[in-house]
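Enquirer: Below: one structure in C-alpha coordinates.
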Amino acid sequence: MTFARSGVSVTFPDSKPSVLELADACDVPTRWSCRTGVCHTCPTLLLSGDIAYSPTPLEPPDGHVLICCAQPSTDVVLDM
(Lines give C-alpha, C1' and ligand atoms only; values in the text may rest on other atoms or scores of the structure.)
Protein backbone atom coordinates (compact mmCIF):
# COMPACT_ATOMS: atom_id res chain seq x y z
CA MET A 1 0.00 0.00 0.00
CA THR A 2 1.58 3.28 -1.11
CA PHE A 3 0.32 6.79 -0.45
CA ALA A 4 2.23 8.51 -3.28
CA ARG A 5 1.93 12.18 -2.30
CA SER A 6 2.77 11.48 1.31
CA GLY A 7 5.67 9.19 0.46
CA VAL A 8 4.37 6.46 2.77
CA SER A 9 4.59 2.78 1.83
CA VAL A 10 3.35 0.14 4.26
CA THR A 11 1.92 -3.36 4.27
CA PHE A 12 -1.85 -3.34 4.60
CA PRO A 13 -2.49 -5.10 7.92
CA ASP A 14 -5.38 -7.51 8.48
CA SER A 15 -6.29 -5.43 11.54
CA LYS A 16 -7.37 -2.41 9.47
CA PRO A 17 -10.86 -2.57 7.93
CA SER A 18 -10.21 0.07 5.26
CA VAL A 19 -7.63 2.18 3.47
CA LEU A 20 -8.98 5.15 5.43
CA GLU A 21 -8.16 3.47 8.75
CA LEU A 22 -4.62 2.76 7.56
CA ALA A 23 -4.16 6.30 6.25
CA ASP A 24 -5.29 7.68 9.61
CA ALA A 25 -2.84 5.38 11.44
CA CYS A 26 -0.01 6.60 9.16
CA ASP A 27 -0.95 10.30 9.56
CA VAL A 28 -1.76 10.59 5.85
CA PRO A 29 -4.21 13.50 5.33
CA THR A 30 -7.67 12.32 4.29
CA ARG A 31 -11.16 13.59 3.58
CA TRP A 32 -14.15 11.49 4.64
CA SER A 33 -17.58 11.67 6.17
CA CYS A 34 -19.64 8.47 6.16
CA ARG A 35 -17.19 5.51 6.21
CA THR A 36 -19.68 3.42 4.22
CA GLY A 37 -19.27 4.57 0.59
CA VAL A 38 -22.44 6.65 0.47
CA CYS A 39 -21.39 10.31 0.68
CA HIS A 40 -18.52 10.29 -1.90
CA THR A 41 -16.41 12.69 0.17
CA CYS A 42 -13.30 10.48 0.01
CA PRO A 43 -12.73 9.57 -3.68
CA THR A 44 -9.00 9.26 -4.27
CA LEU A 45 -7.25 8.68 -7.59
CA LEU A 46 -6.10 5.08 -8.03
CA LEU A 47 -2.65 5.19 -9.64
CA SER A 48 -2.14 1.42 -9.75
CA GLY A 49 -3.40 -1.82 -8.27
CA ASP A 50 -6.77 -3.36 -7.50
CA ILE A 51 -9.13 -2.85 -4.60
CA ALA A 52 -12.17 -4.57 -3.11
CA TYR A 53 -14.99 -2.92 -1.19
CA SER A 54 -16.72 -3.84 2.06
CA PRO A 55 -19.42 -2.66 2.17
CA THR A 56 -19.93 -2.26 -1.55
CA PRO A 57 -20.63 1.41 -2.36
CA LEU A 58 -23.88 2.28 -4.10
CA GLU A 59 -21.97 4.02 -6.92
CA PRO A 60 -18.26 3.15 -7.23
CA PRO A 61 -16.25 6.13 -8.51
CA ASP A 62 -14.70 5.64 -11.97
CA GLY A 63 -10.88 5.54 -11.74
CA HIS A 64 -11.00 6.49 -8.09
CA VAL A 65 -11.23 4.64 -4.79
CA LEU A 66 -13.63 5.32 -1.95
CA ILE A 67 -10.99 4.90 0.75
CA CYS A 68 -13.58 4.71 3.54
CA CYS A 69 -14.66 1.20 2.54
CA ALA A 70 -11.80 -0.03 0.31
CA GLN A 71 -9.26 -2.75 0.96
CA PRO A 72 -6.35 -3.46 -1.41
CA SER A 73 -6.50 -6.72 -3.40
CA THR A 74 -3.00 -6.21 -4.80
CA ASP A 75 -0.21 -3.70 -4.26
CA VAL A 76 -2.01 -0.37 -4.51
CA VAL A 77 -0.73 3.16 -5.14
CA LEU A 78 -3.07 6.04 -4.33
CA ASP A 79 -2.67 9.74 -5.06
CA MET A 80 -2.66 10.87 -1.45
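Enquirer: Checking the condition outside any strand (DSSP E or B) and open to solvent by less than 50 Å² (accessible area, probe 1.4 Å), which residue from Pro61, Pro55, Pro29 passes?
Expert: After applying the criteria, what remains is Pro61.
Enquirer: Let me ask something else. Out of all the residues in the range 64-76, which are in contact (Cβ under 8 Å) with a residue 60 or more places away in the chain and either open to solvent by 10 Å² or more (accessible area, probe 1.4 Å) or under 17 Å from His40 (Cβ atoms) (or both)?
Expert: Answer for the range 64-76, where residues must be in contact (Cβ under 8 Å) with a residue 60 or more places away in the chain and either open to solvent by 10 Å² or more (accessible area, probe 1.4 Å) or under 17 Å from His40 (Cβ atoms) (or both): Pro72, Asp75.
Enquirer: Taking the conditions exactly as written (modelled with pLDDT under 90 and open to solvent by less than 70 Å² (accessible area, probe 1.4 Å)), does Pro43 satisfy them or not?
Expert: For Pro43, the condition - modelled with pLDDT under 90 and open to solvent by less than 70 Å² (accessible area, probe 1.4 Å) - is not met.
Enquirer: Any idea how many residues of the range 46-80 are on the phi > 0 side of the Ramachandran plot and either hydroxyl-bearing (Ser, Thr, Tyr) or modelled with pLDDT of 95 or more (or both)?
Expert: Here the count works out to 1.
Enquirer: Give Asp27, Asp79 a once-over and let me know the one that is free of Cβ contacts under 8 Å to residues at least 40 places away in the same chain and acidic (Asp, Glu).
Expert: When all the criteria are applied, what remains is Asp27.
Enquirer: With the checklist (1) assigned to a loop (DSSP other than H, G, I, E, B); (2) open to solvent by less than 50 Å² (accessible area, probe 1.4 Å); (3) within 15 Å of Phe3 (Cα to Cα) in hand, flag the one item Cys34 doesn't pass.
Expert: Going through (1) assigned to a loop (DSSP other than H, G, I, E, B); (2) open to solvent by less than 50 Å² (accessible area, probe 1.4 Å); (3) within 15 Å of Phe3 (Cα to Cα) one by one, Cys34 breaks only (3).
Enquirer: Look through the range 1-26, keep the residues that are open to solvent by 70 Å² or more (accessible area, probe 1.4 Å) and within 16 Å of Pro72 (Cα to Cα), and return whichever of them is nearest to the chain's Cα centre (by Cα).
Expert: The selected residue is Pro17.
Enquirer: So which residues in the range 31-80 are of a type in the set (Gly, Ala, Ser), touching a Leu at 6+ places or on another chain (Cβ under 9 Å) and within 16 Å of Glu21 (Cα to Cα)?
Expert: Gly37, Ala70
The values are calculated or read from the model by the stated rules, or taken from the named source; none is laboratory data. None of the values given here were measured: they were computed from a predicted structure. All Cβ positions, glycine included, derive from the backbone under ideal geometry; neighbour counts span all protein chains shown. These area figures cover heavy atoms from the full protein model, side chains too; ligands, DNA and RNA do not enter into them. Shrake-Rupley method; radii C 1.70, N 1.55, O 1.52, S 1.80 Å.
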